[in-house]
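The structure appears right after this line, and notes come after that.
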Amino acid sequence: MIKFPVLIINMKNYLEASGERGVAMAKAAERVAKDFGVNIVVAPPTPILYSVASSVSIPVYAQHVDLSKAGSTTGFISPEYVKSFGVCGSIINHSEHQLPINRVKQTIELLKSFSMDSVVCAVDPRKTKVFAKMNPDAVAVEPPELIGSGIAVSKARPEVITDSVNAVKSVGSTSKLICGAGIVSGEDVRRALELGAEGVLVASGIVKASNPEEKIKEMAREIKRFL
């Protein structure tokens, strides 16, 4: 099961994380996780899920899964299938791959049936509350307009984090609240955790950094402060 506070690295489909480069980045994250004693999860591009999952011991997530089982389901990403080679969870409903609310709920339930983690993305505190009622392992609030902007939600819109933390608490959810969008520095991570988040979801801030491993270390130092 996912442990908190956590740093989740979403590699998206960036070419900087394609093929062996994605595997190398995951190995760098693994080194940092072990050296700093912090919780780091990697979500590599779908084509290299097996390569990454078979190369590292830290948790590996899919970036998306479908409501499909292993077998005759051509073109779908089956949770059961990816679990068979070591993937232990999935991001759901990222703003770049949004799903109908009922499908989010069904996907959470399907992942739970395979004892896999679920991290559901929400665009604002209102949606955070909706998804928190479904009790995924975590809800990641990410205002879409700040994703990839380099302007951290923890700085530009701190109320999004505090309101989302309160939204999760208000429904008695077992979910943890994490945040993303525009996080590019250790300071951004620290501020998010000070505001009540229990982790961060980071993509380009790490994947497109000139030295991804050093950037992971920078963020891991702040995660460690809250252990």
When the convex hull of its Cα atoms is projected in every direction, mean area for the range 117-227 (nm²): 6.3
Rough spin-label spacing in nm, given labels placed 7 Å along Cα→Cβ, for Ser170 and Glu194: 2.5
Kirkwood hydrodynamic radius of the range 1-130, Cα pairs, Å: 15.1
Listed residues Ser84, Ser72, Ser55, most fluctuating in the chain (Gaussian network, C-alpha, under 10 Å): Ser72
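Taking the Cα centre of the range 6-225 as origin and charging only Cβ (+1 Lys, Arg; -1 Asp, Glu), how large is the dipole, in debye to the nearest 20?
The calculated dipole for the range 6-225 is roughly 300 debye.
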Built amide H within the under 5 Å cut-off of Gly89, gap 5+: Ala62, Asp117
Per-peptide average of other Cβ atoms within 10 Å, ordering 22-35, 136-149 highest first: 136-149, 22-35
Ranking of Val165, Val120 by count of other Cβ atoms within 10 Å, fewest first: Val165, Val120
Cys121, Cys88 arranged by Cβ crowding within 10 Å, fewest neighbours leading: Cys88, Cys121
Residue pairs, from the table Lys69/Lys169; Lys27/Lys208; Lys3/Lys34; Lys105/Lys176; Lys69/Lys105; Lys69/Lys208, whose Cα atoms sit over 22 Å apart: Lys69/Lys169; Lys69/Lys208
³J(HN,Hα), Karplus 6.51/-1.76/1.60, whole Hz, each residue of the range 80-94, x for Gly, Pro: 4, 5, 5, 5, 4, 10, x, 6, 10, x, 7, 6, 10, 6, 4
Aspartates and glutamates with Cα under 12 Å of Lys217, excluding same-chain neighbours fewer than 8 positions away: Glu30, Asp35
Environment charge of Ile2, counting only residues whose C-beta is closer than 9 Å and scoring Lys/Arg +1, Asp/Glu -1: 0
Cα coordinate range in the chain, projected on the principal axes (Å, largest first): 46, 39, 29
For the range 31-39, 3J(HN,Hα) per residue [Karplus equation, 6.51 cos²θ - 1.76 cosθ + 1.60, θ = phi - 60°, Hz, x = Gly/Pro]: 4, 5, 4, 6, 5, 9, x, 10, 8
Whole-Å distance, taken between Cα centres, linking the range 122-151 and the range 31-99: 19
Cα extents of the range 1-58 along the three principal axes, largest first (Å): 28, 18, 16
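Bear in mind these aren't lab numbers, they're just calculated from the coordinates by the rules spelled out. Keep in mind that what you see is a predicted model, and the values were worked out from it rather than measured. When we count neighbours, we look across all protein chains shown, and the Cβ atoms used for this are built from the backbone with ideal geometry, even at glycine.
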